[in-house]
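A quick write-up on the structure given underneath.
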Amino acid sequence: MASRSLIASLSSTPPLSTEQFYSGSPAPAGSIGVCLSGGGSRALTAGMGGLQALSYLTFNGNSMLGQVKALSTVSGGSWVGVPYEFLQGSSPADSAFLGSFNPNIGSQTLAQLGILSSSSAAAPVTNTFFAPVLLALQAVVLYQLGVPENMLWQTIIGLNILQPVGLLNASSTLLPMDMFSNDSETLAADVTGPNPSLGSETAYLVASGGSRTPRPFLVCNMAMLINETGTNVKSFAPVQATPFITGIMGAPTGTDNNGLTPGGGGVTSFAFNSILEAVSASSVSVSQTRQWSLTDIAGTSSSFFAGILQNQIAQWEQNPTQFFATMAYYLWEIYEWIKSHLFGAAEAAAKEFVASLIAASPTAALTFNFPNPQDLIPQYNYWPVADPTVVSNPQTTGFADGGSLENTGVNALLAYSDINALISFVNSNQPLMIGTYGVSDGNGGYIANTYIVVDDAIPPLFGYQPYGNGNINECNKGYVLYAGATCVDSLAAGYANNQVFASEDFPALLQGLWAAANTGGSNVGPAIFTQTLNVLPNAWFGIGNRAPVTMVWCYLNYLQPFVDQFANNIDVANFISSDVSLNNFPNYATINTNLSATQVNLMSSLAAWAVVAAEQANQTFTNLFNSFGPGANAHLQAAVASESLAV
């Protein structure tokens, strides 16, 4: 593909607001954001349930989901959030894609729970094709078709997650040839107007009109590898992709692979992954072979799973005979995947390649050419808005899963001053449980009633390292602050820049989640807890002085009253009991990329049921929308903002 010179706009930050980007159509009203955490197929499924519940609940006669101002997605949460944002006219209906909340799910038989519509957001992960070994086989096939190593994972996500709902326009070499924007006015003003040559390119616009629920402002989160000055250490800088701009909104330390300090804002999203040619005030000229696409953002946001491919392909490199045997074992599955996901010359070439492997002599394994596992890391051209310097011989920089840095998606939305409340769906593989240690009191002991283990992504938001079990390879026990620590556990180092809330508020969160879930018995209530928190400035994420935020934490957890609905349905009850023992339902391991339809239906329903139960018991979400929903809170938000600025 030939490179062409294009014109794009820069947007410097901070401060940020969602409102600043809208011109033709207005920004969504209110000031409530929703965050879908990472966690692979588990996060997709539970996130689908959370959105399902918000669609079911109403405020002032309309769906709560349609009154959400912003949506932040990470990794597996992006597998549901990104396509939901951009569903096209020919895509599934919203209710088919998310599913509908069923208050009488206890009447469903095991056979009924084993059926999932092909239009469902979770349908791709229930297919055998999405099992880890099949994903690795897909990568090998795609590599033989000419897909670059650093685009293999993104292409897999494009083909498996986006293509089924009509959100992939790929070239004959399977690279994405589409872009995205907010609406036709934004597209014309920011993309095709300055660049008439892009007028014929496929552009996916935010879903709107007809039966579609109004869409929020989307932030899809990923991370960029940065070099820490004077060391060999690699850190992560937060990257946001929105329908308007993509970039690093804050001011992290370190440098990209061109020696420049990253950050300072974003460029019109189509022009990300470009080479800078010239700068003129707030406009730039860039060269680009293809536009930044939905495949790029959904794939890069979830590129933790490229590591699974790396490990599997490395094993096959060490033992090529095992690869040939694996391909033979999954011959039918890989042929079916080729027929259902590839097209034209690519389909024919893939079938020919697989057939040649089956017919090959045993010695062929000795010379087989695998993709280099280390090159599976996404690589893109990056240049910083804060220092848009034209460099000779520009080098690409590595990108990573958004969860490698901040897996809740909370920090991304705190950078927007007009978001004053967040519903945070923490769809974790870590169930709430009692631990051996608690929150350090700084004197060798632990704060009372804090011996509670939560997901690793939460404590760093309050300045604490993730929970340490005191294992021999750990230097900490319980929750220890980063500040002043004599030791930082290696796995915690990547989260060290994430603090946005005061440390003294962390014990209350632990206690609140535990009480919500366990007062009156074990796992008898939804692990949903509301607290209002002051927000600390965080230059890494572009968060300045701003108003406090009201957080509704929705923690994925086993819920006994939900399971009790199936007490008279022995087949379903036995299935759940077995799934708890074998797979830790609903907190499935992140590497379990392939789920059954029954698991999807039960977990999404549990996640939705928890939200609805919290609303019915305490009006948790009605109270939130009363304070921060559309039209209900202009005076309150102004007062809160004024108070925050005064502080």
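Just how large is the dipole of the chain about the Cα centre, in debye to the nearest 20, putting +1 at every Lys and Arg Cβ and -1 at every Asp and Glu Cβ?
Charge dipole of the chain: 340 debye, to the nearest 20.
When the expected Rg is taken as 2.2 N^0.38 Å, what fraction or multiple of it is the alpha-carbon Rg of the stretch 41-194?
Against the empirical 2.2 N^0.38 Å value, I get 1.19 for the stretch 41-194.
Just the ratio, please: alpha-carbon radius of gyration of the chain over 2.2 N^0.38 Å, N its number of residues.
So the chain has a normalised radius of gyration of 0.93.
For Tyr446, which sequence-distant residues (separation of 5 or more, or a different chain) have an amide H within less than 5 Å of its own amide H, given hydrogens modelled in the peptide plane?
Asp441
For the modelled label position 7 Å from the Cα of Ser117 along Cα-to-Cβ, which residues of the stretch 578-613 have backbone nitrogen atoms closer than 18 Å?
597-606, 608-609
Can you list the aspartates and glutamates whose alpha carbon sits under 15 Å from that of Lys477, skipping same-chain ones fewer than 8 residues off?
Asp441, Asp456, Asp489
HN-Hα J couplings of the stretch 181-191 from phi, Karplus 6.51/-1.76/1.60, θ = phi - 60°, integer Hz, Gly and Pro as x?
Running phi through 6.51 cos²θ - 1.76 cosθ + 1.60 with θ = phi - 60° gives 7, 7, 8, 5, 5, 5, 4, 5, 6, 9, 10 Hz.
If you count only protein heavy atoms with a 1.4 Å probe, what accessible area per residue comes out for the stretch 483-599, rounded to a whole Å²?
Result: 41 Å² per residue.
Nothing charged except the Cβ atoms of Lys and Arg (+1) and of Asp and Glu (-1): what's the magnitude of the dipole of the stretch 469-596 about its Cα centre? Round to the nearest 20 debye.
Once rounded to the nearest 20, the dipole reads 280 debye.
For the stretch 220-326, what does the equivalent ellipsoid look like in terms of its semi-axes, each the square root of 5 times an eigenvalue of the Cα gyration tensor, given largest first in whole Å?
The three semi-axes for the stretch 220-326 are 32, 18, 13 Å.
If amide hydrogens are placed 1.01 Å from N in the peptide plane, which non-local residues have theirs closer than 5 Å to the one on Val488?
none
Skipping prolines and chain starts, which residues have an amide H placed within reach, meaning under 5 Å, of the one on Gly39, given they are 5 or more residues away or on another chain?
Gly76, Gly77
When you count, for each residue, the other Cβ atoms within 10 Å and take the mean per peptide, how do 533-539, 15-21, 263-269 rank with the highest first? Please report the intermediate quantities before stating the final value.
Details: 533-539: 16.9, 15-21: 18.6, 263-269: 25.7.
Order by mean packing, descending: 263-269, 15-21, 533-539.
When we measure straight from the Cα of Lys339, which lysines land under 21 angstrom away, once same-chain ones fewer than 8 places off are left out?
Qualifying lysines at Cα under 21 Å: Lys351.
Note down the relative contact order for the stretch 44-169 as a percent, whole number, built from C-alpha pairs under 8 angstrom at least six residues apart.
Numbers: 96 pairs, mean separation 34.9, N = 126.
Reported as a whole number, the value is 28 percent.
Report the Cys residues of the chain lacking a disulfide-compatible partner, meaning no second Cys Cβ under 4.7 Å from their Cβ.
Cys35, Cys220, Cys554
Quick one: net charge around Met179, please, counting Lys, Arg +1 and Asp, Glu -1 for every other residue with C-beta under 9 Å from its C-beta.
Here the charged neighbours net out to -1.
What's the local net charge at Leu134, with K and R +1, D and E -1, over the other residues with C-beta under 11 Å away?
-2
In whole Hz, with x marking every Gly and Pro, tabulate ³J(HN,Hα) for the stretch 469-484 from phi via Karplus 6.51 cos²θ - 1.76 cosθ + 1.60, θ = phi - 60°.
Whole-Hz 3J(HN,Hα) from phi for the stretch 469-484: 6, x, 5, 4, 8, 10, 9, 10, 10, x, 9, 10, 4, 5, 5, x.
Starting with the highest mean, order 573-581, 389-397, 500-508 by the number of other Cβ atoms within 10 Å, averaged over the residues of each peptide.
500-508, 573-581, 389-397
First compute the accessible area of the chain with a 1.4 Å probe, then give the percent of it belonging to carbon and sulfur atoms. Each step should come with its number before you reach the end.
Values: 12030 of 23330 Å².
The computed percentage sits at 52.
Residue by residue, what Karplus-based ³J(HN,Hα) values in Hz, rounded to whole numbers, does the stretch 439-454 have, using 6.51, -1.76 and 1.60 with θ = phi - 60° and x for Gly and Pro?
Listing the rounded values in order: 7, 4, 8, x, 10, x, x, 9, 5, 4, 6, 10, 7, 10, 9, 10 Hz.
Would you mind computing, in nm to one decimal, how far apart the modelled labels at Ser577 and Ser172 are, each placed 7 Å from Cα along Cα→Cβ?
A separation of 6.0 nm, rounded to one decimal place.
What is the P(r) of the stretch 325-453, as percent of Cα-Cα pairs per 5 Å bin from 0?
Pairs per bin, as whole percents: 2, 6, 8, 8, 10, 11, 11, 10, 11, 9, 7, 4, 2, 0.
Quick one: compute the contact order of the chain, relative version, from alpha carbon pairs under 8 angstrom and 6+ residues apart, as a percent.
Once normalised by length, the contact order is 22 percent.
Straight-line reach only, C-alpha to C-alpha below 20 angstrom: list the aspartates and glutamates that Lys69 could link to, leaving out same-chain residues fewer than 8 apart.
Candidates past the 8-residue exclusion: Glu19, Glu85, Asp94, Asp183, Glu185, Asp418, Glu615.
The values are calculated or read from the model by the stated rules, or taken from the named source; none is laboratory data. Note that the structure is predicted; figures quoted are calculated from it, not measured. Positions of Cβ are generated from backbone atoms using ideal geometry, with glycine treated the same way; all protein chains shown enter the neighbour counts. To get the accessible areas, we keep the full protein, side chains included, count just its heavy atoms, and leave off ligands, DNA and RNA. Shrake-Rupley method; radii C 1.70, N 1.55, O 1.52, S 1.80 Å.
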